[in-house]
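Everything below concerns the one structure shown next.
The values are calculated or read from the model by the stated rules, or taken from the named source; none is laboratory data. Bear in mind the structure is a predicted one, so any value in this text is a computation, not a measurement. Glycine gets a Cβ as well: all are built from the backbone with ideal geometry, and neighbour counts include every protein chain shown.
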Amino acid sequence: MSAPSAASPVASADRARPAALAGGPVRRLLAGAYAMSLNEWRKLRHDQLDLVTRSVQPLLWLFVFGTAISSTNAIPTGGVQYQAYLTPGVMAQAAMFVAIFFGLAVIWERDVGQLQRLLATPLPRMALVLGKACGAATRALVQAIVLLTIVAIAGIDIRWSVVGVLGALVLLAIGTGVFACLSMTIASLVKERERFIGIGQLILMPLFFASSALYPLSIMPGWLHVVARVNPLTYEVEGLRGFLLGGGRPWLDLLVTVGWFVVLMAAATRAYPKAIL
């Protein structure tokens, strides 16, 4: 993430100060979340090139990798077109890539002194964490809408329903928040940007491949199946697949993802102030 993305949240939080002071804890929590998600939306409006470049990777997975694997019929998908089967995994992967490096903003804020200003605002620590998670979710949702639009134009066989698409977007937003909170927790403990990037890359690929993003759980060896079952990305992907393709237990997957979000948001809230030490 570029440095400017960390600068604006301070100004947004400062603008939210009068409302935060006037309200109770819930209002202050919502004020912080709203200010930072609004900042991310404004940044996207002024930097469409960043959205375009970030959309390239999921499209490569979908139309290059997906087309190649479709021709082999090597992966059992229950009669579903492989590109359609892959679409939820690609959506979740793209969102995870956005979220896992969101913690870079925490390190940048500390280096330039803005983290101290954020922590000095009347907003609760949880509001700052939730606000950053909402900022990551905002970016992921815009990216997902672009991807779904291209999927519709390409004629990939997704089950288009209002409930399914909205449920998928809600689940994607919460799942993005899960990995944003994980990223902020790591960033609060790691002081160097280079080390954080290395750890982020170390986490990304194992999470992605040890999930059902590319292939069903049924073809995994026993040990990998166990790992996939404790991987939050698996529940996000399975839920997205249920909402967009039908079948499965998407509402249960949504509930499990919410549980992961609550746990990791609490961990990030506890670790966040340590980033200035």
Please determine whether any residue of the range 106-115 is under 24 Å from THR257 (Cβ atoms) and touching a helix residue (DSSP H, G or I) at 6+ places or on another chain (Cβ under 6 Å). yes
Kindly establish whether GLY167 is in contact with a Phe, Trp or Tyr (Cβ under 8 Å, 6 or more places away or on another chain), at pLDDT 85 or above, part of a helix (DSSP H, G or I) and buried (at least 17 other Cβ atoms within 10 Å of the Cβ). yes
Please verify whether ALA92 is touching an Asp or Glu at 6+ places or on another chain (Cβ under 6 Å), modelled with pLDDT of 90 or more and either assigned to a helix (DSSP H, G or I) or of a type in the set (Phe, Trp, Tyr) (or both), treating the condition exactly as stated. yes
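The rows are residues; the columns are (1) closer than 20 Å to TYR34 by Cβ; (2) in contact with a Ser or Thr (Cβ under 8 Å, 6 or more places away or on another chain); (3) without any contact (Cβ under 8 Å) to a residue 24 or more places away in the chain; (4) polar (S, T, N, Q).
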| site | (1), (2), (3), (4) |
| --- | --- |
| ARG125 | yes, yes, no, no |
| LEU130 | yes, no, no, no |
| GLY135 | yes, yes, no, no |
| ILE153 | no, no, yes, no |
| VAL162 | no, no, yes, no |
| LEU171 | no, yes, no, no |
| ILE174 | yes, yes, no, no |
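Here is a yes/no grid of residues against (1) in a helix (DSSP H, G or I); (2) under 20 Å from THR53 (Cα atoms); (3) at pLDDT 95 or above:
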{"position": "ARG139", "(1), (2), (3)": "yes, yes, no"}
{"position": "GLN143", "(1), (2), (3)": "yes, yes, no"}
{"position": "VAL151", "(1), (2), (3)": "yes, yes, no"}
{"position": "ARG159", "(1), (2), (3)": "no, no, no"}
{"position": "GLY175", "(1), (2), (3)": "yes, no, yes"}
{"position": "SER183", "(1), (2), (3)": "yes, no, no"}
{"position": "ARG195", "(1), (2), (3)": "yes, no, no"}
{"position": "GLY200", "(1), (2), (3)": "yes, yes, no"}
Condition first: touching a helix residue (DSSP H, G or I) at 6+ places or on another chain (Cβ under 9 Å) and acidic (Asp, Glu). Can you find one or more residues in the range 193-202 that meet it? no
Residues of the range 105-132 satisfying the condition of being assigned to a helix (DSSP H, G or I) and either surrounded by fewer than 18 Cβ atoms within 10 Å (Cβ to Cβ) or at pLDDT 90 or above (or both): ASP111, VAL112, GLN116, ARG117, LEU119, ALA120, ARG125
When the range 55-84 is checked residue by residue, the ones that are farther than 24 Å from ALA137 by Cβ, of a type in the set (Ser, Thr, Tyr) and assigned to a helix (DSSP H, G or I) are THR67, SER70, TYR82
Does any residue in the range 246-263 that is more than 17 Å from LEU169 (Cβ to Cβ) and in contact (Cβ under 8 Å) with a residue 60 or more places away in the chain come within less than 9 Å, Cβ to Cβ, of a residue that is among the hydroxyl-bearing types (Ser, Thr, Tyr) and part of a helix (DSSP H, G or I) six or more places away or on a different chain, and which pairs are these? TRP260/TYR235
Contacts under 8 angstrom Cβ, first residue in the range 206-221 being closer than 15 Å to PHE65 by Cβ, partner at pLDDT below 90 and surrounded by 13 or more Cβ atoms within 10 Å (Cβ to Cβ), 6 or more apart: LEU214/ILE75; TYR215/ILE75
